[in-house]
1. So LEU53 ticks every box in (1) free of Cβ contacts under 8 Å to residues at least 24 places away in the same chain; (2) touching a strand residue (DSSP E or B) at 6+ places or on another chain (Cβ under 6 Å) but one. Which box is left unticked?
2. Looking only at helices (runs of 4 or more DSSP H) that fall completely inside region 14-87, which ones have 1 or more residues that are at negative phi, at pLDDT 90 or above and exposed (fewer than 12 other Cβ atoms within 10 Å of the Cβ)?
3. Please specify each residue of region 13-39 satisfying the condition of being within 9 Å of the chain's Cα centre (by Cα) and of a type outside the set (D, E, K, R).
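The values are calculated or read from the model by the stated rules, or taken from the named source; none is laboratory data. Just so it is clear, the structure is predicted and the values come from calculations on it, not from any experiment. Neighbour counts are summed over all protein chains in view; Cβ atoms, including those assigned to glycine, are modelled from backbone coordinates with ideal geometry.
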Amino acid sequence: MRVESGASAAELPVANWRKSSASNPSGCCVEIGELPNGRVALRNSRDKSGPALVHSRTEVAAFLISLRDGEFDQLLADGEFGHLLLG
C-alpha cells in the first residue's frame, strides 16, 4: 500500500495511535502513529477517520527539534495557547 499525505487515517495500517500526556482534555489534539514502512502519520484526534499527514521520521524529527528550539513560539505567544509557553 502506497501511503501519501492526505490519506484517510482510518485506512492507514497504524497499530497504535498516541497523543501527548499534555493534551487538551477536550480532545483537540494531534495524534501520531508509526507506519510499518517506517513513516509517521499525524491526525486530528477529533476526526479519527479524517485525513492524516504522512512524513518520514527525518521530517518529523526536524519539526520536533524546531519546536524544542522555540522556532514556532511566536505563533503561540500572543494567542490562545500562550499560557502554555509563558507559564
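1. Condition not satisfied by LEU53: (1).
2. Qualifying helices (runs of 4 or more DSSP H): 57-68.
3. Scanning region 13-39 gives CYS29, VAL30, ILE32, GLY33.
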